[in-house]
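Novice: Right, I'll just put the structure down here and ask away after.
The values are calculated or read from the model by the stated rules, or taken from the named source; none is laboratory data. Note that the structure is predicted; figures quoted are calculated from it, not measured. Cβ coordinates were reconstructed from backbone atoms using ideal geometry, including for glycine residues, and neighbour counts include every protein chain displayed. The area values use the complete protein model at the heavy-atom level, side chains included, leaving out ligands, DNA and RNA. Shrake-Rupley method; radii C 1.70, N 1.55, O 1.52, S 1.80 Å.
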Amino acid sequence: MKKNKGIFSLIATVVLVALLGFTTIVGFGPTNTGAAKNINLGLDLEGGVSITYQVKGETPSQSDMDDTRYKLQRRVEQYSTEATVYQEGDNRLSIEIPGVKDANKILDELGQPGSLYFIQEKGSDNTSNYTINPEGKYELVKTIDELKADGSVVLAGTDVKNAQAGAFEDSMKNKQYAVSLTLTKKGAEKFAVATKKAAGKETIAIYYDGELISVPAVNSEITDGEAQITGMEDFEAAERLASTIRIGGLSVELEELRSNVVGAQLGQQAISTSLKAGAIGLAIIFVFMCVVYLLPGFVASIALVIYTGIILVLLNAFDVTLTLPGIAGIILGIGMAVDANVIIFARVREELTAGKNVRSALITGFDKAKSAILDGNITTLIAAAVLWLKGSGTVKGFAQTLALGIIVSMFTALVVTRIIVFALYAVGVKNAKLYGRVKQEPKPIDFLGKRKIFYAISAVVIIAGFVFMGINSSQGKGILNYSLEFKGGTATNVTFDKEYALAEIDEDIVPVIEKITGDKNVQVQKVEGTNQVIFKTQVLDLAQREAFNNAMSEKFNVNTNDIATENISSTVSSEMRQDAMIAVIIATVCMLLYIWLRFKDIRFATSAVVALLHDVLVVLTFYVIARVSVGNTFIACMLTIVGYSINATIVIFDRIREELKLKKRGDDLALIVNKSITLTLTRSIYTSLTTFVMVAVLYIMGVSSIKEFALPLMVGIICGAYSSVCVTGALWYDMKKHLKKQSK
């Protein structure tokens with residue numbers, strides 16, 4: 001790079017930093033306060049809309065309620081990946097959608113979950129089942145019960161698997177809008193019979209919640225369960241029909257009971273302390289990078305500022321809803337961004353130590369670091385993509401922020417950092433001392449010689465986890481300390497004689513409830529525009545409910561008639577847990593295949609997956625023994641640890657692969673592995689330290705719910721560093737040696 005080009009690159013960097021600062025903090029226009037303040041926040045950070053539905057008619061079976069809850073969950077995710085649905089009592093379902101304030105708008109768009117039927121034009125007596133009224137709308141001639149009796153109802157809403165709006169071009173190249181239907185197996189069989197009868201001469205109308213919403217003609221027999229309704233005037237009309245069909249495909253019929261705008265569960269204090277913690281953590285990382293890596297560390301700090309700005313802009317641009325699990329994805333992204341820079345500059349330092357000049361060291365350092373950065377990030381990106389496609393709720397939200405973080409971290413490390421550091425060299429900053437030359441390459445540490453000790457330590461910790469699971473179960477405490485997101489609880493709606501600020505509730509009221517219930521994870525929601533506050537706790541028995549009511553009356557002047565209590569289900573349904581498990585399994589298989597493909601050795605892939613399992617089990621042991629609450633953040637925490645661990649493992653494997661290519665006949669394999677681990681040890685320590693600092697500051701400054709999220713994450717970071725250095729390489733070595741012995 002020439003001097004003029006270097007000056008231009010540095011000026012462009014300053015402009016980019018200033019522009020990102022302006023767009024994230026100030027924004028454009030008189031009312032815009034910047035991307036950072038326009039990011040959609042989840043119910044835990046900002047609040048949103050709460051809607052409660054009640055089942056019409058008799059109390060349904062629990063299986064019907066579970067099915068309806070899961071289907072509603074999938075419906076409301078169109079508004080936010082962090083929307084949740086849970087059961088109240090025997091016949092009510094509550095929906096909580098973050099980031100919105102207009103309950104009526106949501107109700108209009110979501111639709112009234114009612115009955116959905118597909119009705120044949122003519123009944124068994126060959127008379128018409130519907131007619132056109134003077135206003136030009138179709139109406140039923142008979143009641144639904146009569147139509148069911150004579151066989152005119154060919155499908156119910158439960159026979160529809162999915163409905164999606166779309167656009168296509170017809171034979172005349174005109175744009176058309178349609179709704180594509182996918183039926184269940186039984187629905188497809190029934191529809192094949194109905195469409196054979198109606199093909200070319202009749203219609204099959206769609207009836208929903210008291211009216212006919214569409215009366216499409218049947219052009220031909222449909223036998224494969226895939227149908228298309230055409231003739232929509234625009235995409236919005238097609239989407240409305242598709243949404244109505246989807247919401248009508250429920251196992252029970254619902255009616256709105258109440259809707260409220262609720263406040264944030266964590267409050268402004270949680271947001272402000274998290275932001276301060278993030279800023280302090282980044283500042284510590286900046287100082288650390290500058291002290292350890294000198295000029296390259298300063299460049300890495302600038303790249304991290306750019307990374308943070310781009311992430312904030314993208315979160316705003318893509319309407320990503322940010323919650324605590326989403327913050328986990330961003331923290332992992334910051335860790336990987338630091339990691340990429342550490343890998344690069346460690347390589348540059350090695351080249352300088354080997355005697356190369358600064359320019360050659362920079363070129364070679366970036367070139368050698370590229371494979372480790374790409375493989376580590378792409379492996380984690382594959383996992384994020386699978387989690388986004390197959391997961392739901394919290395898992396999907398985590399995957400979104402993680403994917404954004406990975407892509408941006410690769411861009412800032414491989415493009416932005418490279419441009420800045422070469423620009424500084426071009427303008428005359430060429431002294432090798434500024435780039436961190438060291439005297440000599442470190443001597444290999446005998447990690448493999450101590451591998452049996454490492455295996456034993458890991459085995460003891462993991463076995464301890466299973467032992468304590470048995471102890472907890474025998475004592476009736478439950479294997480894990482599941483929060484109400486996983487096992488349900490009690491929601492108590494209290495109407496106070498005055499409005500309390502969320503900070504006052506956290507400081508004065510919540511401690512009283514914690515003492516009565518023994519629950520250290522009380523969730524709080526204010527109902528905006530009222531004096532009502534909803535407290536969600538573990539399941540309360542009759543004595544605890546009475547003590548709760550008495551405390552509210554005696555300490556806060558609450559009329560006991562203004563206290564309403566309902567048992568609520570978990571927000572993480574069994575289907576959602578199954579979805580998450582399937583997503584993790586598929587992601588693990590995909591990562592295994594990628595590592596196998598890239599390293600051309602199944603032992604690399606196998607040992608990496610075993611190390612992932614090791615880290616998950618160790619952190620699970622911590623959850624079991626420390627009794628840390630297992631809620632939505634548990635899933636995000638585990639996924640963060642998996643992503644962090646696989647990235648650390650890839651770096652060591654990349655160095656082993658490189659050293660194997662340089663191996664000479666007679667070279668000891670154990671020495672190669674020890675040398676590879678030793679050469680990447682600084683990277684492992686520094687990256688773990690910087691990420692640990694970010695999370696530790698969050699733990700020190702955060703509110704209780706954030707502490708419970710940060711604490712196991714810190715354990716996971718330490719465990720990931722331990723396994724990548726002490727376990728993974730040793731596993732690969734043992735498998736390699738074992739296979740050689742078998743082949744002899």
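Novice: Beyond 32 Å between alpha-carbons counts as too far, so tell me which of K707/K736; K161/K396; K477/K707; K370/K737; K396/K487; K142/K196 fall in that bin.
Specialist: Beyond 32 Å between Cα atoms: K707/K736.
Novice: So, one more: What net charge is computed for the residues neighbouring I471, neighbours being all others with C-beta under 15 Å from the C-beta of I471, Lys and Arg scored +1, Asp and Glu -1?
Specialist: Summing Lys/Arg as +1 and Asp/Glu as -1 gives +2.
Novice: Moving to a separate point now. Where Lys and Arg each count +1 and Asp and Glu each count -1, what net charge lies around E121 among other residues with Cβ under 12 Å from its Cβ?
Specialist: Neighbour charge sum, excluding E121 itself: +2.
Novice: For the pair I7 and D668, how long in nm is the line joining their label points, each one 7 Å along Cα→Cβ?
Specialist: With each label point 7 Å from Cα toward Cβ, the separation is 5.6 nm.
Novice: Can you return the aspartates and glutamates within cross-link range of K452? Criterion is Cα-Cα under 18 Å, with same-chain partners fewer than 8 residues away left out.
Specialist: Within the straight-line cut-off, K452 pairs with D615, D734.
Novice: Taking 8 Å as the Cα distance limit and 6 or more residues as the minimum spacing, I'd like the relative contact order of segment 639-741 as a percentage.
Specialist: Across segment 639-741, relative contact order equals 40 percent.
Novice: For the pair T495 and E546, what calculated FRET efficiency results from E = 1/(1 + (r/R0)^6), where r is the Cβ-Cβ distance and R0 = 22 Å, to the nearest 0.05?
Specialist: 0.75
Novice: Additional query: Where in segment 339-411 are there chymotrypsin sites (Phe, Trp or Tyr not before Pro) that are in a DSSP coil and have at most 10 other Cβ atoms within 10 angstrom of their Cβ?
Specialist: In loop regions of segment 339-411 (DSSP not H, G, I, E or B), there are no sparsely surrounded chymotrypsin sites (Phe, Trp or Tyr not before Pro).
Novice: Please work out the average accessible area per residue across segment 590-707, using the 1.4 Å probe convention, and give it in Å².
Specialist: It amounts to 36 Å² per residue over segment 590-707.
Novice: What accessible area per residue comes out for segment 516-559, rounded to a whole number of Å², with a 1.4 Å probe?
Specialist: Here the per-residue accessible area is 48 Å².
Novice: Also, I was wondering about something else. Using 0.36 nm per residue of separation minus the Cα-Cα distance, give me the extension gain between K443 and A354 in nm, one decimal.
Specialist: So the chain would gain 30.6 nm between K443 and A354.
Novice: Quick one: divide the alpha-carbon radius of gyration of segment 334-388 by 2.2 N^0.38 Å and tell me what you get.
Specialist: Cα Rg divided by the expected 2.2 N^0.38 Å: 1.36.
Novice: Just to confirm a number: summing +1 for Lys and Arg and -1 for Asp and Glu over residues other than V533 whose beta-carbon lies under 13 angstrom from that of V533, what do you get?
Specialist: Once positives and negatives cancel, what remains is -4.
Novice: Count the lysine pairs in segment 546-702 that are 8 or more places apart or on different chains: how many have C-alpha atoms under 27 angstrom apart?
Specialist: Eligible lysine pairs with Cα atoms under 27 Å apart amount to 7.
Novice: Something else: I'd like the carbon and sulfur percentage of the solvent accessible area for segment 521-645, probe radius 1.4 Å, heavy atoms only, ligands and nucleic acids excluded.
Specialist: The C+S portion of the solvent-accessible surface of segment 521-645 is 59 percent.
Novice: Using 0.36 nm per residue of separation minus the Cα-Cα distance, give me the extension gain between A192 and D90 in nm, one decimal.
Specialist: Difference between extended and current length: 33.0 nm.
Novice: Further, regarding this structure: Mind listing which GluC sites (Glu not before Pro) in segment 111-181 are in a DSSP loop and have 15 or fewer other Cβ atoms within 10 Å?
Specialist: E135
Novice: Starting from the Cα of L597, step 7 Å toward the Cβ, then list every residue of segment 374-388 with an amide N under 17 Å from that point.
Specialist: The answer is 374-387, whose backbone nitrogens lie closer than 17 Å to the label point.
Novice: Mind giving me the nanometre distance, one decimal, between the label points for K137 and T682, set 7 Å out from Cα along Cα→Cβ?
Specialist: 7.5
Novice: Right, something else. Once the Cβ-Cβ distance between E256 and T530 is put in as r, and R0 is 22 Å, what FRET efficiency do you end up with, to the nearest 0.05?
Specialist: The calculated FRET efficiency here is 0.75.
Novice: R0 = 22 Å: FRET efficiency of Q176 with A199, Cβ-based, nearest 0.05?
Specialist: Efficiency, rounded to the nearest 0.05: 0.60.
Novice: A further question follows. What's the extension gain from I284 to N162 if we count 0.36 nm per residue and subtract their Cα-Cα distance?
Specialist: 38.9 nm
Novice: Specify whether the C-alpha gyration tensor of segment 357-495 places it in the rounded, prolate or oblate class, a ≥ b ≥ c being the square roots of the eigenvalues: rounded for a/c under 1.5, otherwise prolate if a/b is larger than b/c and oblate if not.
Specialist: Taking the square roots of the gyration eigenvalues as a ≥ b ≥ c, segment 357-495 is oblate.
Novice: In terms of the Cα gyration tensor, with a ≥ b ≥ c the square roots of its eigenvalues, is segment 514-661 rounded because a/c is under 1.5, prolate because a/b exceeds b/c, or oblate?
Specialist: Verdict is prolate for segment 514-661.
Novice: Decide, for segment 450-585, between rounded, prolate and oblate: order the square roots of the alpha carbon gyration tensor eigenvalues as a ≥ b ≥ c, take rounded if a/c falls under 1.5, and otherwise choose prolate if a/b is larger than b/c, else oblate.
Specialist: It is prolate, given that a/c is not under 1.5 and a/b is the larger ratio.
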